[in-house]
Amino acid sequence: MENTDIIQKIQEGDVFLLTREEMALLLPWLRNTLTTQERKDENADLCQLFSRIMRLSNRLYGTESFNRDTCICNG
C-alpha cells in the first residue's frame, strides 16, 4: 500500500497508525488513566475501545494484553 493510499484511508476514518514507540508511550498512560475509573455500565463503549487497542497492540508489538484488571465496565 502506497503512502497516498494510507493517507486516504486515514482521512476516510478506516485506518489509524501508531508506531511501537508511540504505543509504548500511550498504553501505560491509558492504563493508569482509565483503570482508576469506577467500573460501570456507562463505560462500556470506552472499555471496548480500550480492549481493542490493548489486544491489537499485544498482537502487533507484544505489549501487555487486556485483562479483567483493565476492564472499566461491568461486562
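The values are calculated or read from the model by the stated rules, or taken from the named source; none is laboratory data. Just so we're clear, the structure is a prediction, and the values are computed from it rather than from any experiment. Here the Cβ positions follow ideal geometry from the backbone for every residue, glycine too, while neighbour counts run over all protein chains shown. To get the accessible areas, we keep the full protein, side chains included, count just its heavy atoms, and leave off ligands, DNA and RNA. Shrake-Rupley method; radii C 1.70, N 1.55, O 1.52, S 1.80 Å.
A compact table of results
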| read-out | value |
| --- | --- |
| Residue within the stretch 48-61 that is farther than 14 Å from C73 by Cα, among the hydroxyl-bearing types (S, T, Y) and in contact (Cβ under 8 Å) with a residue 40 or more places away in the chain present | yes |
| Residue list for the stretch 41-67, filter: at negative phi and surrounded by fewer than 12 Cβ atoms within 10 Å (Cβ to Cβ) | D41, D45, R52, R59, L60, N67 |
| Residue pairs meeting the criteria (Cβ under 6 Å; at least 6 apart or on separate chains; first more than 21 Å from N58 (Cα to Cα) and part of a helix (DSSP H, G or I), in the stretch 31-46; second open to solvent by 70 Å² or more (accessible area, probe 1.4 Å) and not hydroxyl-bearing (S, T, Y)) | D41/N74 |
